[in-house]
Amino acid sequence: MKRVVVGLSGGVDSSVAAFLLKKQGYEVIGLFMKNWHDDSVTISDECPWLDDSNDAMLVAEKLGIPFQTVDLSAQYKERIVDYMFNEYEKGRTPNPDVLCNREIKFDVFMDIALELGADFVATGHYCRKGTIEKNGKQIHQLLAGVDANKDQSYFLCQLSQAQLAKALFPIGELTKPEVREIAKSQNLVTAEKKDSQGLCFIGKVRLPEFLQQQLKPKEGVIVEVDSAFSKYNTEHPVFQVKQAELEYLSNKIQYSLNDGKVVGQHQGAHYFTKGQRKGLAVGGTKEPLFVIETDVEENVIYTGQGKNHPGLYRKALFVTNSELHWLREDLALANGQTMNVVARIRYRQPLEKAVLHKVDSGLYVEFENKQSAITEGQFVAWYTGDELLGSGVIS
């Protein structure tokens, strides 16, 4: 009987994952991860960890499996929270959920599970695992979940072969409604529970308040740039070398105060991210304002009217070698090689056709169509079909 440790989060997905594993004959242990102590920044009645831990315990009781809570808040602070503050300070927008999977669930948590004698670690993610033989070696694949609406492979885009080898995703073949049905049929307390939308295992957090703990408010101006701005209408130069063209396409426009008009004030450029619409508190425009660029050095936010503003769109992005990750190491490109893929730059974005170009310093991802709000610090993930091959931090 193989032993599996399930990360029970107190939600319906991990509850059903535990039930299915038990039904399949595994010896199942439920572990709840406590990742946060500071209640002052959580929207307390939305998703307090205490309620979640209670629900997880009730599910374990109902399924007749051992249960315990592990406190990972020290590691979470060091690996996720400090990293987030650091990234925001640099004017980048991190993705804590991707990091939480790589650094916490499939690293710290996995180590604890293996110490408990586990053969595998399971989570309630909507994705699937495949295994193929290649040159006499086992290679693990990360595949999209069957429920296209819930596919969470993107959040696992930083996993390694070693982590994937020990991972199980029991609900990857199911749709969300099917998962809820199973939970109902087993009278699990989480059957009707709403999905949590917060930071991984912290619950809902008011991000500005959260960031203000470390990043002090600093008043600056909001500048609106007109869509007829001269730099949007320059001729596309002719390049002799593809790499020069890719550099041109992935470069963002450098704005200055004279490129638009001041339309408002803000409390700190590092609280805002590209493509953001809420929280600007500027009225009187024909179309809503979107953030097209933030300058944390000068503490200026540049905005444009409407979601089709040319300042939001770019055709290519770059990932440095140090932030490039191949889940399928056997398919990693050598310098000068290219690969046709489909890619996304944020969770739930439909996959878009793109070409990867490997160069000395990193990897360019060139999209067939211009992409809105390519944001430094976020992850780009690329696939062939429904298999995720690799990912990187947008630089």
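Conditions tested, residue by residue: (1) over 21 Å from TYR232 (Cα atoms); (2) assigned to a strand (DSSP E or B); (3) of a type outside the set (A, V, I, L, M).
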position: GLN265; (1), (2), (3): yes, yes, yes
position: LYS278; (1), (2), (3): yes, no, yes
position: GLY283; (1), (2), (3): yes, no, yes
position: THR303; (1), (2), (3): no, yes, yes
position: ALA316; (1), (2), (3): no, yes, no
position: VAL319; (1), (2), (3): yes, yes, no
position: SER322; (1), (2), (3): yes, no, yes
*For the range 87-146, name all the residues that are surrounded by fewer than 22 Cβ atoms within 10 Å (Cβ to Cβ) and among the aromatic types (Phe, Trp, Tyr).*
PHE120
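Okay, residues lined up against (1) touching a Pro at 6+ places or on another chain (Cβ under 9 Å); (2) in the same structural domain as SER391 (by TED's automatic domain parsing); (3) modelled with pLDDT under 90; (4) surrounded by 20 or more Cβ atoms within 10 Å (Cβ to Cβ):
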position	(1), (2), (3), (4)
ALA167	no, no, no, yes
LYS184	no, no, no, no
SER196	no, no, yes, no
TYR248	yes, yes, no, no
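Among the residues of the range 214-233, are any closer than 29 Å to SER361 by Cα and not in a helix (DSSP H, G or I)? Talk me through it step by step, then tell me what you get.
Just the residues of the range 214-233 that are closer than 29 Å to SER361 by Cα, to begin with: 231-232.
After this cut, where a residue has to be not in a helix (DSSP H, G or I) as well, the list is none.
For the range 214-233, residues closer than 29 Å to SER361 by Cα and not in a helix (DSSP H, G or I): absent.
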*When the range 111-137 is examined, which residues are found to be within 25 Å of VAL28 (Cα to Cα) and assigned to a strand (DSSP E or B)?*
PHE120, VAL121, ALA122, CYS127, ARG128, LYS129, GLY130, THR131
*What number goes with the only condition from (1) touching a helix residue (DSSP H, G or I) at 6+ places or on another chain (Cβ under 9 Å); (2) crowded, with 20+ Cβ neighbours inside 10 Å; (3) modelled with pLDDT of 95 or more that LEU21 does not pass?*
(1)
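Conditions (1) outside the structural domain of ILE222 (by TED's automatic domain parsing); (2) closer than 30 Å to ASN135 by Cβ; (3) in contact with a helix residue (DSSP H, G or I) (Cβ under 7 Å, 6 or more places away or on another chain); (4) β-branched (Val, Ile, Thr), marked per residue:
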{"position": "TYR255", "(1), (2), (3), (4)": "no, no, no, no"}
{"position": "ARG277", "(1), (2), (3), (4)": "no, no, no, no"}
{"position": "THR303", "(1), (2), (3), (4)": "no, no, no, yes"}
{"position": "ASN321", "(1), (2), (3), (4)": "no, yes, no, no"}
{"position": "GLN337", "(1), (2), (3), (4)": "no, yes, no, no"}
{"position": "VAL342", "(1), (2), (3), (4)": "no, yes, no, yes"}
{"position": "GLU352", "(1), (2), (3), (4)": "no, no, no, no"}
{"position": "LEU356", "(1), (2), (3), (4)": "no, yes, no, no"}
*asked:* Suppose we filter the range 272-294 for residues that are within 12 Å of ILE222 (Cβ to Cβ) and surrounded by 12 or more Cβ atoms within 10 Å (Cβ to Cβ); how many remain?
replied: 12
*What number of residues within the range 109-155 are more than 18 Å from LEU8 (Cβ to Cβ), touching a residue at least 24 places away in the same chain (Cβ under 8 Å) and among the aliphatic types (A, V, I, L, M)?*
5
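The values are calculated or read from the model by the stated rules, or taken from the named source; none is laboratory data. Since this is a predicted model, take the numbers as computed values, not measurements. When we count neighbours, we look across all protein chains shown, and the Cβ atoms used for this are built from the backbone with ideal geometry, even at glycine.
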